[in-house]
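The structure appears right after this line, and notes come after that.
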Amino acid sequence: MPLTNPGLWLTGAERGLMLAGLSIALGGLAGQGLARQFKGTGPAPLPMPWALRGCLLGLAASVALILTALADPGLAAALARPPVFGLQSRATVLIAGFEAACFAAGAVVLRLQQPSRCVPLLISVVVAESIRAHPEGIVPVAGALLTICHLLPAVLWAGMLGYVLRAAIAWRADPVAMRGLVRLYGNAAAWLVSVILVTGVISAALLVPLGSLLTTTYGQLLIVKAALVVVVGGLAIVGRVWLRRRAEPGAGPARATKLECAVLAAVLAVTGILTVVTPPASPIGTAAGKAAAHDGAGHRLGEAPGWPAPPSRAN
């Protein structure tokens, strides 16, 4: 499907907002748990995570995904490629419905002041999104497990940074405590990023043949995402150096750290678009994959060879 199709951008934006809500909710709860490990007395109470707001954002985005898919079943079928085993073109509606239910239940338990019960519900959203993701359509079961190992650390990384940034602003009167808090996050983020990079490289190798990296829409967007992640890493280093050398009472976290959070939001936005662009690889061990391996004809930018045409809509 060409990138000029507005439905593609709408669905991608809805997926990006859903991932943002998931990051705010699950990553925020994880960030609060991490901040509580600080050994010492902070100058102010830790802020409450925006978990309820994240659940409501995720719920709204999931409902929007359902409505978009129901309004244009042909579009939903075209974007559900590679097809999820057993769900086929119904994957968008069914998985978005499950995710909406998880977000709604999470919002309820958060209102009841039971955040620990919200965590399994949000992890269920990660699992559902991994079942819908492209790697599962290429390698059933193993693809979903790979996506879980990639998506969960990514969600935690983004959400924890947002929470720690808020906590650092609240503790800006005490640079020593603020540095200790950011150091806790930095140590956790180093492990998360390591897992993200390894699983990201494996996913890229699975979804994009090397020759298609520069010649397909999916490959080009993947390069953009990788470049943004590199920028985030550079900003993280700059922010930690600034905090170590120049932090003064009342200064708060470095501007680079705030930019780091903004660029991570851009990473989630690009990820949302990637979820609706067909990767150039074909399912392993299927007839489509075998046909694609012997197909020397050209294909439209961003579309995988061997995929059946989406069903036409009735007039």
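Observations, loosely collected:
- For region 267-284, the set of residues classified as modelled with pLDDT of 90 or more and open to solvent by 40 Å² or more (accessible area, probe 1.4 Å) consists of Ala269 only.
- Criterion applied to Val232, Val224 was being without any contact (Cβ under 8 Å) to a residue 60 or more places away in the chain, surrounded by fewer than 19 Cβ atoms within 10 Å (Cβ to Cβ) and within 19 Å of Val267 (Cα to Cα), and the one residue passing it is Val224.
- Apart from one condition, Leu243 fits all of (1) modelled with pLDDT under 85; (2) open to solvent by 20 Å² or more (accessible area, probe 1.4 Å); (3) part of a helix (DSSP H, G or I); (4) among the aliphatic types (A, V, I, L, M); the exception is (2).
- Single residue of region 135-145 satisfying the filter (open to solvent by less than 30 Å² (accessible area, probe 1.4 Å) and of a type outside the set (Val, Ile, Thr)) that is nearest to Gly31 (Cα to Cα): Ala144
- The residue that is surrounded by the fewest Cβ atoms within 10 Å (Cβ to Cβ), among those in region 168-186 that are of a type in the set (A, V, I, L, M) and within 12 Å of Thr257 (Cβ to Cβ), is Ile169.
Listed here are the residues, each with its yes/no results for (1) small (Gly, Ala, Ser); (2) buried (at least 20 other Cβ atoms within 10 Å of the Cβ); (3) over 21 Å from Val270 (Cα atoms).
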site	(1), (2), (3)
Met18	no, yes, no
Gly21	yes, yes, no
Ala69	yes, yes, no
Gly74	yes, no, yes
Glu99	no, yes, no
Ala105	yes, no, yes
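- Qualifying position, being at pLDDT 95 or above and under 17 Å from the mean Cα position of the chain (by Cα), among Ala104, Ala144, Ala100, Ala154: Ala100
- Tabulated pairs, region 6-19, first polar (S, T, N, Q), second open to solvent by 10 Å² or more (accessible area, probe 1.4 Å) and at pLDDT below 90, C-beta under 6 angstrom, 6+ apart or interchain: Thr11/Leu79
- Considering residues of region 1-52 that are modelled with pLDDT under 95 and among the β-branched types (Val, Ile, Thr) only, the residue farthest from Arg166 (Cα to Cα): Thr4
- Filtered residues of region 181-215 (kept if out of contact with any helix residue (DSSP H, G or I) (no Cβ under 7 Å at 6 or more places or on another chain) and of a type in the set (Gly, Ala, Ser)): Ala190, Ser194, Ala205, Gly211
- Cβ-Cβ distances below 6 Å connect the following pairs, each with a first residue in region 35-50 that is more than 19 Å from Trp157 (Cα to Cα), a second residue that is open to solvent by 40 Å² or more (accessible area, probe 1.4 Å) and part of a loop (DSSP other than H, G, I, E, B), and a separation of six or more residues or different chains: Pro43/Ala173; Pro43/Asp174.
- Flag: Met18 does not match the condition of being closer than 20 Å to Cys261 by Cβ and outside any helix (DSSP H, G or I).
- Meets criteria (surrounded by 19 or more Cβ atoms within 10 Å (Cβ to Cβ) and touching a residue at least 40 places away in the same chain (Cβ under 8 Å)) for Leu79: yes
The values are calculated or read from the model by the stated rules, or taken from the named source; none is laboratory data. Quick caveat: nothing in here was measured; it's all calculated off a predicted structure. Cβ sites come from the backbone with ideal geometry, for glycine too, and all protein chains shown count toward neighbours. The accessibility values were calculated without ligands, DNA or RNA, using every heavy atom of the protein model including side chains. Shrake-Rupley method; radii C 1.70, N 1.55, O 1.52, S 1.80 Å.
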